[in-house]
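Each reported figure results from applying straightforward, stated rules to the coordinates on display, with no laboratory input. From a predicted model like this one, the values you see are computed outputs, not experimental measurements. Cβ atoms come from the backbone with ideal geometry, glycine included; neighbour counts cover every protein chain shown.
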Amino acid sequence: MSLAACLARIDEVNRQDPKQEDDKDGNRVPACLLYGQRMSAALATFKPDASEVLQIAVRAQHIQRWHIARSEYPMDRPGYLRWRQELAKHHAELCAEIMASCGYSEQDIEQAKVILRKQQLKKNPDSQCLEDVACLVFLEHYFADFAKSHSEEKIISIVQKTWRKMSEDGQAAALQLPLAEVELSLVQKALAS
């Protein structure tokens, strides 16, 4: 089986997402499908020579995310972190099943699981790359809407936390994103604090 077949299977799962969002052309599409495609596009720009395993992990970053609802966990920071941890495990296991069905080796599958669980950030270049790409996608595609529904203080704090997770290359790429003036101003305030 090929990389294309594996990505298509991830997309097939993500097409089932009941949550819909507008793509760049204003078409309503499943949110996780759109997110996965945005992740792949950002990876292609950020690291055009990415391995097949990294390309698969990046596409599967939010695979079937709706399966574990945030509301199933306490609405506090520890609850949020537990939810995220459970999601990462779920994404890794589902991606592993798809990779196995596409003929990938156990070694490749384990590598993808490590990346999706974001293990060894700052030490594992592929895990760090996934984190960088996720941050870039957030800033480019989701930050503006997020900023509208939170206080400036919270936004600045989120940007600072996001920035700390990124590599220097990721930070440099983030500064090149086509952000609107309002979002760019918030990023600049966060970095100046």
Report the Stokes-Einstein translational diffusion coefficient (µm² s⁻¹, integer) for segment 125-193, Rh taken as the Kirkwood radius over Cα pairs, at 4 °C with viscosity 1.567 mPa s.
108
Percent RCO, i.e. relative contact order, over the chain, from Cα pairs under 8 Å lying at least 6 residues apart
18
Expected 222 nm ellipticity per residue - DSSP helices of 4 or more, -39500 (n - 2.57), all of the chain, to 500
-20000 deg cm²/dmol
So how much slack lies between Ser185 and Gln119, counting 0.36 nm per residue of separation and subtracting their Cα-Cα distance, in nm?
20.6 nm
How about the chain: what cysteines have no other cysteine beta carbon under 4.7 Å from their own?
Cys32, Cys95, Cys129, Cys135
Rough spin-label spacing in nm, given labels placed 7 Å along Cα→Cβ, for Ala5 and Asp23
2.4
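Which peptide among 15-23, 63-71 comes first, and what is the full order, when sorted by highest mean count of other Cβ atoms within 10 Å?
63-71, 15-23
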Between Arg164 and Asp49, what length in nm is gained on full extension when 0.36 nm per residue of separation is reduced by their alpha carbon distance?
39.0 nm
Taking 7 Å along the Cα-to-C-beta vector as the label spot, tell me the Ala41-Ser157 distance in nanometres, rounded to one decimal.
3.2
For the chain: span of alpha carbons on each principal axis (Å, largest first)
48, 37, 34
Using the Karplus curve 6.51 cos²θ - 1.76 cosθ + 1.60 with θ = phi - 60°, what ³J(HN,Hα) values do you get for each residue of segment 149-154, in whole Hz, with x for Gly and Pro?
10, 9, 5, 4, 4, 5
What order do you get for Ser2, Ser40 when you list them from fewest to most C-beta neighbours inside 10 Å?
Ser2, Ser40
In degrees, nearest ten, helix 125-137 long axis to first principal axis of the chain (Cα):
50
Enumerate the amide H contacts of Gln20 below 5 Å, restricted to partners 5 or more residues apart or on another chain; note that Pro and chain-start residues carry no placed amide H.
Ala31
Cut-off 17 Å, label point 7 angstrom out along Cα-to-Cβ of Ala69: give me the residues of segment 80-105 whose amide nitrogen falls inside.
80, 83-84, 87
To the nearest 10 degrees, the tilt of helix 31-46 (Cα long axis) against the first principal axis of the alpha carbons of the chain is 80
